[in-house]
Amino acid sequence: MFSHCNTKNNDGFANAIADDRSFWCSNAKFIKRAIALLCQNYGSDKLIGNMLIKRKSRSIAAILAFSGTLTISGLHKFYLGQPLWGLLYVLLSWTPIPKVASAIEGVWYLAQDEEAFDRNFNLGKSAVKNLQPASNQIAVMAEALRSLDTLRQDGLISEYEFEQKRRQLLD
C-alpha cells in the first residue's frame, strides 16, 4: 500500500513530490499504528462501542478541533463518534479544507451552550440529566423496600419471602 514511501529522488520537482509523499507516508503510518494499538488494547468492538456511548466534552472537542488547524485534522471527529468524517479529514489533510473546517467547528463548539452540544453529540443526554434518574431510582427502590417491610410487619408475607423479594429488588 505504501510502496512509494521508500523512494529517493534527486531532481527538484521529484524532491517536492517525495517530500509530499513522505508527509503522507509518515501520517499514514502513524494513523495505522495508532488504530492498530487502540484495537489491540481495547478490541475494535469495545473501541467503537465506547466511542458512541461515552459522554463527550464540549471543551475537549473544541481543543481537538483547534489542534487540527496545526496538526492532523479530524481528531475531533473521531472523538465525537464520527469516524468516517475523521477519516475524510485525514485523507484531505494535504489541502487547507480540513484545517479551515476544524477552526470553524472549534468556534461552533464553543459558541453552543452545553444543552445544544449534548443534543448534537451526546444523544441529547446532559450530565445533570444522567444523575437525576439514578437518584429517582434510589427513591423508588427505598419506597419499595419500605412497602415490603410493612407487609412483613403486618404478617402478610413471611421472613423468607421478605428476604427473597429484598434480594431481588437490590439485584
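A short reminder: the numbers here are calculations on the coordinates, not readings from a lab. What you are looking at is a predicted structure, and each value in this text was computed from that prediction instead of being measured. Using ideal geometry, Cβ is built from the backbone for each residue, glycine included, and neighbour counts are taken over all protein chains shown.
Quick notes on this structure:
- For region 55-123, the alpha carbon positions stretch 34, 20, 14 Å along the principal axes, listed from largest to smallest.
- Gain on full extension, evaluated as 0.36 nm per residue between Arg119 and Val107 minus their Cα-Cα distance, stands at 2.6 nm.
- Ordering Leu84, Leu110 by the number of other Cβ atoms within 10 Å of each residue's own Cβ, fewest first, gives Leu84, Leu110.
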